[in-house]
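J.: Below is a structure I'd like to ask you about.
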Amino acid sequence: MLRIAYGLASCAVLSLLAWASELPAEDVAHQASSMQVMAARIDELVQAKLDRKKVSAAPLATDGEFIRRAYLDLVGNIPTVAQTRAYLQDDSPDKRQQLIAQLLRSPAHPTHLANTWRALVLEPSDDPQRLQNEQGLQLWLRGKFSENVRYDRLVEEFLTATQGSNGPGYFYTVQDLKPEMLASETSRIFLGLQLECAQCHDHPFDRWKQHDFWGLAAFFAQLERPTNDNLVGLGRFDIVDRNVGEVTIPETDEVVPPAFPGSTENYASFGGTRRQQLAIWMVSRDNPFMPRRAVNWAWAHMMGRGIVHPADDMSPQNLPSHPELLDELTDYFIRSGFDLRLLLHTIAITETYARSSEAVSDSQAPPELFARMAVKSLTPEQLYDAFLKVGLLKSDAAMMPMDGRRDQFVARLRTASKDRTYFDTGMPQALAVMNGPPVSTATSPDTSGLLKALSAPFLSDKQRLNVLFLAAYSRTPNQDELKRYEEFLKQAEPDQQSAALGDVLWVLANSAEFMLNH
């Protein structure tokens, strides 16, 4: 049981917290202890509901399942063969906690979070040029996550951005500075509220009225771009907050003043521009929406679905599956100083996160019970990078995500759904993956670094197959797989051995086990 190992995990936890903060040693120790207590509390609350529903939890994932899952969730890529072998051979009782701490220290962690949040903030696009233009936002997000900036400060800086061509200002540019578009997207992203249905009329299924939507939109009504055509032509301009500009109810002359959704607080009691007033309200410790939305996002990121599902629809009408868990995690997040990395770390060391994705019986438990890990699709970015990793192809894409070929691949595989447990990739995308780069490059003996390494004459077919499976699945082949592929390799002519290995790798790289996070 992982819970037994919590005490043994203290060194790994303490080392991460000491590295990530400037707190005195005694405060770091207290924070580590609080994290262990919260992780145990998560497991207790999830298990309590399973007991009430008379549902059995899945067993813990195998070491191979766990290392692959943790790498994909925390750094966005699969582990190397060497990393997997070292982990599988490690007999330390707290090795899972050590792995989590190691991954959260990796420079690939903020890169992965930046990829994830860029996709959350911006609507999917199949335009490679637009993906290039998103680089400023990507780098800004990576910088914030690398510094582990308090989440409330990240939100505040995002809402009050002034540079339209860099960082979060690009988000404003994509929305054309339109108050209604900005209200709809910021409420979804940071509050978990779907207010757009109240834009033209009162929401038919929720409490939100048309005045609620336009009251929020009014906070963005006083924005403009400069008139300097030279700067705009170069893609550089500022977003200016003016003192004039109002919104009206569509097809009427009724002016709607700024109003915080679901609140009776007077916006005028806050200083600054309207956007600054909105930011002050949104990041306050007692805001009823923002901290809960952040916690629900973190849970969905790690578990595949939120405590409230969908994760960005936290309307009072859409009840959480575990209300007490959401309340306690939100309080924990606020008390931690809105520490998003600590929140992810806490979830990652739970038994709930460490469960297998395999069903424990023929009658599957409802996914909202979290009896087992949800099977999650890899993002296009993750899939591209995994192909490079499995083929040992040289690329700096993990640190420089705006590589042109990567952009084209990502644009081709982007889908409208933000639900990672929903698989809506069509036949054109499947054919593009199967037959085009980087799969063809990763599985060709002429270009694959992995296949070239396996051409050494002193290796047996069993050893070669073990390496291929470790590279693709983070596990060795079972007896049936080993027998089937050994027979396939024996049928190949001596001068076709590398090509036959490439065919095996092609099959593995195009399998569901490779393309899914489980």
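The values are calculated or read from the model by the stated rules, or taken from the named source; none is laboratory data. Keep in mind that what you see is a predicted model, and the values were worked out from it rather than measured. Cβ atoms come from the backbone with ideal geometry, glycine included; neighbour counts cover every protein chain shown. The accessibility values were calculated without ligands, DNA or RNA, using every heavy atom of the protein model including side chains. Shrake-Rupley method; radii C 1.70, N 1.55, O 1.52, S 1.80 Å.
J.: Exactly one condition in (1) open to solvent by 50 Å² or more (accessible area, probe 1.4 Å); (2) over 18 Å from L216 (Cβ atoms); (3) of a type outside the set (D, E, K, R); (4) at pLDDT 95 or above is false for M181; which is it?
T.: It is condition (2) that M181 fails.
J.: The conditions are (1) touching a residue at least 24 places away in the same chain (Cβ under 8 Å); (2) part of a helix (DSSP H, G or I); (3) open to solvent by less than 40 Å² (accessible area, probe 1.4 Å), and A48 fails exactly one of them. Which is it?
T.: Looking at each condition in turn, A48 falls short on (1).
J.: Right, here's the next one. What tally of residues in the range 260-314 results from selecting those that are touching a Gly at 6+ places or on another chain (Cβ under 8 Å) and either among the polar types (S, T, N, Q) or exposed (fewer than 14 other Cβ atoms within 10 Å of the Cβ) (or both)?
T.: 2
J.: Can you run down the residue pairs with Cβ atoms below 8 Å, 6 or more apart or on separate chains, where the first is in the range 133-151 and buried (at least 17 other Cβ atoms within 10 Å of the Cβ) and the partner is part of a loop (DSSP other than H, G, I, E, B) and aromatic (F, W, Y)?
T.: From the range 133-151, the pairs are Y151/F338.
J.: Being open to solvent by 10 Å² or more (accessible area, probe 1.4 Å), touching a Gly at 6+ places or on another chain (Cβ under 7 Å) and either farther than 19 Å from V55 by Cα or of a type outside the set (F, W, Y) (or both): is that true of A365 here?
T.: So A365 does not fit the description; no.
J.: Given the structure, is P226 open to solvent by less than 50 Å² (accessible area, probe 1.4 Å), at pLDDT 85 or above and out of contact with any Lys or Arg (no Cβ under 7 Å at 6 or more places or on another chain)?
T.: no
J.: Give the residues of the range 133-177 that are part of a loop (DSSP other than H, G, I, E, B), charged (D, E, K, R) and within 19 Å of L340 (Cβ to Cβ), sorted by residue number.
T.: Result: E147, R150.
J.: Further, regarding this structure: Taking T330, is it of a type in the set (V, I, T), crowded, with 22+ Cβ neighbours inside 10 Å and touching a helix residue (DSSP H, G or I) at 6+ places or on another chain (Cβ under 6 Å)?
T.: no
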